[in-house]
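Data first, discussion second: the structure below is written as structure tokens.
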Amino acid sequence: MSNESLANLMTETRRFAPPAEVVAGANVTAAAYEAAAEDRLGYWAEQARRLSWEREPTETLDWSNPPFAKWFADGRLNVAYNCVDRHVEAGNGDRVAIHFEGEPGDSRAITYAELQREVSQAANALGELGVATGDRVAIYMPMIPEAVIAMLACARIGAPHSVVFGAFSADALATRIEDADARVVITADGGYRRGAPSALKPAVDEALTRPGAANVRNVLVVRRTGQDIPWTSGRDVWWHEAVGRQSTEHTPEAFDAEHPLFILYTSGTTGKPKGILHTTGGYLTQVAYTHHAVFDLKPETDVYWCTADIGWVTGHSYIVYGPLANGATEVLYEGTPNTPHNGRWWEIVEKYGVTLLYTAPTAIRTCMKWGDDIPARFDLSSLRILGSVGEPINPEAWIWYRKHIGGDRTPVVDTWWQTETGAMMISPLPGVTLAKPGSAQTPLPGISATVVDDDGNEVANGSGGYLTLTEPWPSMLRTIWGDDQRFLDTYWSRFEGRYFAGDGAKKDEDGDIWLLGRVDDVMLVSGHNISTTEVESALVSHPRIAEAAVVGATDPQTTQAICAFVILRGGAPQEEGLVEELRAHVSKELGPIAKPKRILAVEELPKTRSGKIMRRLLRDVAENRELGDVTTLTDPAVMDLIQTKLPSAP
Ligand code: 6R9
């Protein structure tokens with residue numbers, strides 16, 4: 001974005017007031033914004049009191065060595081105690097913490113009292129395997145309760161975990177084990193995906209043949225599928241044996257608020273993955289607070305479900321730490337949304353009476369593609385708040401989500417945040433905000449964010465630029481594991497004294513924030529910077545389009561030409577004249593400058609496991625280049641499919 005700030009093309013005028021019953025009982029009201037504006041640090045100090053501290057902090061923020069922050073530095077606490085034991089001590093041991101639903105249909109309800117026993121056993125087992133405070137543990141698991149238990153057991157003994165997506169390759173796992181210098185790996189024989197057992201353990205075995213993984217002493221293996229797996233005796237240990245025989249009691253030790261809690265790797269577009277480091281007190285404060293505020297959680301009555309994988313930061317913050325710190329009852333689902341049928345998610349909502357649902361735009365658009373009749377077969381009337389995270393949610397997908405899942409009654413909260421921010425940063429509040437489909441709208445109370453131009457000056461309302469965070473926040477990343485310099489270069493060098501998020505954004509006439517996608521994805525067309533998100537949203541607002549991915553491909557006349565890959569609603573066949581109609585539609589919605597030069601109908605788009613479209617691969621296709629790294633794709637075969645669709649001439 002060097003020539004001109006982002007063009008501000010899209011206008012969306014629909015508005016949705018919060019429902020009266022949510023307003024009436026809201027956990028957080030408009031007064032919170034005022035309180036936080038008046039005394040930001042005081043506000044966070046108050047939120048920290050949601051937690052049980054062994055030693056209450058007297059200091060809120062130490063910003064004496066920016067951007068290396070210390071929050072609540074003289075406080076001491078144990079994360080697992082906060083997420084489990086204190087709820088049992090408060091008399092809620094019989095409350096279900098986790099309703100586990102396996103993909104094959106097996107299910108298991110785990111109360112807080114049971115969770116306490118199992119986490120204690122796992123903590124004892126890790127101790128027996130010689131895992132000491134500060135040692136790193138890699139977790140490579142399917143979406144089963146033991147994954148959550150393993151994370152909490154690590155937190156309990158102060159051993160930072162590094163969770164690696166179960167779908168990542170042995171290579172990706174090896175790099176992450178090596179970078180964090182993990183001592184133990186926790187895994188499973190396999191998990192169920194798409195109706196079949198899918199092995200995990202062989203990838204661990206392969207990863208551990210690499211020299212960088214030489215410090216791994218033990219592999220703790222959960223038996224989930226019962227499939228045959230290779231076994232290295234002396235090194236490999238069964239979970240049910242090593243954990244099963246332990247005492248169900250374990251005394252949690254308190255750690256400093258800045259004790260490392262976890263490392264989570266995020267793969268930028270270039271370079272080796274960055275190990276994002278999160279610590280204890282500030283992180284837990286902000287995940288607990290935001291989950292309470294944005295989902296308006298009532299732990300006695302709500303049933304919460306976040307569909308993310310625990311290998312993604314959303315799983316860390318909003319399956320494990322936020323909801324459990326708040327004593328929530330939540331659903332944990334192992335499998336895919338279409339196994340054994342396209343209505344599986346909605347069946348689960350009906351079965352458990354889910355009231356709060358948190359998912360990603362990619363999933364919503366996939367459900368749009370499958371058709372409105374599928375959710376209509378289930379009773380979704382228990383739902384009261386719907387959340388979205390991971391990508392900008394196109395206004396049409398937002399409307400569909402509210403209407404077909406939320407019965408045209410529930411607020412939709414579009415939550416912007418990152419692995420690096422640890423917790424939600426920009427989001428409506430369900431009992432306060434007049435909602436605008438497609439906008440994350442307002443920094444949460446206590447959060448300071450704005451949109452700036454190339455020179456770092458705040459843009460006027462109605463203009464676009466770069467999203468920056470202007471004040472430190474409790475759950476901020478503390479550094480990149482082992483690479484302080486890269487931490488400074490990546491996030492703190494672009495704008496003096498501010499955190500650069502890497503996202504384009506605009507402020508509308510009311511000052512509300514609209515996210516416009518990664519800055520790397522912004523297109524330059526005849527001197528205008530145009531956001532991929534806006535063109536995609538315009539395409540998705542056409543009744544025939546379920547999903548769209550837009551990239552700028554090098555073009556001799558216009559620098560870049562807009563190239564769109566679209567998935568048709570209800571599938572092919574593609575009617576004659578559709579491409580022209582779509583181009584005209586975008587032109588009408590956004591103006592002629594945003595009209596795609598090429599539009600290609602495809603069956604699938606390349607996505608990461610967290611549901612983000614990998615536009616750089618589509619750019620490779622559009623520019624007839626060899627494909628870059630595809631290892632973080634959910635399904636690398638998608639790229640072959642797309643390439644066979646490519647007509648030889650534009
Ligand atoms: C939580 C998570 C972070 C990037 C972020 C942005 C995109 C996430 C969004 C959103 C628009 C939202 N993103 N939520 N864009 N609206 N509500 O996704 O973390 O995997 O690190 O990705 O995702 O581009 O910078 P992470």
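The values are calculated or read from the model by the stated rules, or taken from the named source; none is laboratory data. Everything numeric here is computed off the predicted structure, so don't read it as measured data. With ideal geometry, Cβ positions are generated from the backbone for all residues, glycine too; neighbour counts draw on all protein chains shown. These accessible areas exclude ligands, DNA and RNA; they are computed on the full protein's heavy atoms, side chains included. Shrake-Rupley method; radii C 1.70, N 1.55, O 1.52, S 1.80 Å.
Using the Karplus curve 6.51 cos²θ - 1.76 cosθ + 1.60 with θ = phi - 60°, work out ³J(HN,Hα) for each residue of the stretch 250-256 in order, rounded to whole Hz, and write x for Gly and Pro.
7, 8, x, 9, 7, 10, 4
Hey, if we sort D94, D620, D379 by accessible area with the 1.4 Å probe, largest down, what's the order? List each step's numbers first, then the result.
Working: D94 140, D620 15, D379 85 Å².
Largest accessible area first, the residues go D94, D379, D620.
Please give the calculated 222 nm ellipticity per residue for the chain, where each DSSP H segment of at least 4 residues contributes -39500 (n - 2.57) and the sum is spread over every residue; nearest 500 deg cm²/dmol?
Dividing the helical sum by the residues of the chain leaves -7000 deg cm²/dmol.
Could you pull out the GluC sites (Glu not before Pro) across the stretch 527-617 that fall in loop regions by DSSP (anything but H, G, I, E, B) with no more than 16 other Cβ atoms inside 10 Å? Don't skip to the answer; put the middle values down first.
Details: sites: E534, E536, E547, E575, E576, E580, E581, E589, E603, E604; in loops: E575, E576, E603, E604.
When the GluC sites (Glu not before Pro) of the stretch 527-617 are filtered for loop state and at most 16 Cβ neighbours within 10 Å, E575, E576, E603, E604 remain.
Could you list which residues have their amide H under 5 Å from that of D555, counting only those 5 or more apart in sequence or on another chain, with H placed in the peptide plane?
For D555, whose amide H was placed from the backbone, the distant partners under 5 Å are Q560, A561.
Kindly provide the Kirkwood hydrodynamic radius of the stretch 369-440 in Å, to one decimal, from all pairs of distinct alpha carbon atoms.
Details: mean 1/r = 0.0771 Å⁻¹.
Over the stretch 369-440, the inverse of the mean reciprocal pair distance is 13.0 Å.
Using modelled amide H (1.01 Å from N, peptide plane; none on Pro or chain starts), what sits under 5 Å from the amide H of E471, excluding residues fewer than 5 places away?
Sorted by chain and number, the residues that satisfy this are S448.
Using the charge dipole of the stretch 490-565 (Lys, Arg: +1 at Cβ; Asp, Glu: -1 at Cβ; taken about the Cα centre), state which of L539, A553, V519 has its Cα farthest towards the positive end.
Farthest towards the positive pole: A553.
Report the FRET efficiency, 1/(1 + (r/R0)^6), for D228 and E576, where r is their Cβ-Cβ distance and R0 is 41 Å, rounded to 0.05.
Numbers: r = 53 Å, r/R0 = 1.29.
It comes out at approximately 0.20.
Report the calculated FRET efficiency for D74 and S526 (r = Cβ-Cβ distance, R0 = 60 Å), to the nearest 0.05. All intermediate terms of the calculation are to be shown ahead of the outcome.
On the way: r = 57 Å, r/R0 = 0.94.
Efficiency for this residue pair is about 0.60.
Take L434, L261 and sort them by solvent-accessible surface of the protein heavy atoms, 1.4 Å probe, largest at the top.
Values: L434 90, L261 5 Å².
Most to least solvent-accessible, the answer reads L434, L261.
Return the distance in nm (one decimal) between the two label points of a simple spin-label model at D372 and T11, each offset 7 Å from Cα along Cα→Cβ.
Taking the simple label geometry, D372 and T11 are separated by 2.7 nm.
Using unit Cβ charges (K, R positive; D, E negative) and no other charged atoms, how large, in debye to the nearest 20, is the dipole of the stretch 526-645 about its Cα centre? Can you show the working numbers first?
Values: 15 positive and 17 negative charges, 53 e Å.
Result for the stretch 526-645 is approximately 260 debye, rounded to the nearest 20.
Report the trypsin sites (Lys or Arg not before Pro) located in the stretch 352-395 that are in a DSSP loop and have at most 14 other Cβ atoms inside 10 Å of their Cβ, or state none.
Answer by residue number: R377.
For the chain, give the magnitude of the charge dipole about the Cα centre (Cβ charges: +1 Lys/Arg, -1 Asp/Glu; no others), in debye to the nearest 20. Could you put the intermediate results ahead of the total?
Details: 60 positive and 86 negative charges, 166 e Å.
Once rounded to the nearest 20, the dipole reads 800 debye.
What base-10 log of the normalised intensity I(q)/I(0) is obtained for the chain from the Debye formula, alpha carbons as equal point scatterers, at q = 0.11, 0.12 Å⁻¹?
Ignoring solvent entirely, the Cα scatterers give -1.12, -1.36.
Just to check I understand the Karplus step: with θ = phi - 60° and J = 6.51 cos²θ - 1.76 cosθ + 1.60, what whole-Hz values come out for the stretch 19-26, glycine and proline as x?
x, 3, 5, 6, 4, 4, x, 4
Hey, what do the phi angles of the stretch 48-60 turn into as Karplus ³J(HN,Hα) couplings, whole Hz, using 6.51/-1.76/1.60 and θ = phi - 60°, x for Gly and Pro?
4, 6, 5, 8, 9, 9, 6, 10, 5, x, 9, 10, 8
Where the only charges are on Cβ atoms (+1 Lys, Arg; -1 Asp, Glu), what is the dipole of the stretch 258-416 about its Cα centre, to the nearest 20 debye? Kindly include the intermediate steps, with their values, before the conclusion.
Details: 12 positive and 16 negative charges, 55 e Å.
For this selection, approximately 260 debye.
Roughly how many nanometres apart are two label points built 7 Å out from the Cα toward the Cβ at E38 and A214?
Here the modelled spin labels are 6.1 nm apart.
Please work out the average accessible area per residue across the chain, using the 1.4 Å probe convention, and give it in Å².
Working: 22850 Å² over 650 residues.
Spelled out: the 1.4 Å probe surface of the chain, per residue, equals 35 Å².
Any chance you could give the angle, 0 to 90 degrees and rounded to 10, that helix 112-128 forms with the longest Cα principal axis of the chain?
Result, in degrees: 70.
Show me the GluC sites (Glu not before Pro) within the stretch 437-509 that DSSP assigns to loop and that have at most 15 other Cβ atoms within 10 Å of their Cβ.
E496, E509
Compute, for K597, the solvent-accessible surface of its heavy atoms (probe 1.4 Å) with the complete set of protein chains present, and express it in square angstrom to the nearest 10.
Estimated to the nearest 10 Å², K597 gives 110 Å².
Express the C-alpha Rg of the stretch 526-645 as a ratio against the empirical globular expectation 2.2 N^0.38 Å, rounded to two decimals. Please report the intermediate quantities before stating the final value.
Working: Rg = 13.8 Å, N = 120, 2.2 N^0.38 = 13.6 Å.
Relative to the 2.2 N^0.38 Å estimate, the stretch 526-645 comes out at 1.02.
Could you check what % of the DSSP bridge pairs in the chain are antiparallel, to the nearest 5?
Numbers: 57 of 95 bridges.
Bridges in the chain are about 60 percent antiparallel.
Once amide H atoms are built 1.01 Å from N in the peptide plane, which residues 5 or more positions from N78, or in another chain, come under 5 Å H to H?
E54, F255
Check cross-link reach from K274 to the lysines: straight Cα distance under 25 Å, and skip same-chain residues fewer than eight apart.
K70, K201, K607, K612
Given a 1.4 Å probe and every protein chain left where it sits, what share in percent of the accessible area of the chain is carbon and sulfur?
Looking at the chain in its full context, I get 48 percent from C and S.
Name the residues of the stretch 546-571 whose amide N is less than 18 Å from a point 7 angstrom out from the Cα of N624 along the C-beta direction?
Under cut-off, by backbone N: 552-564.
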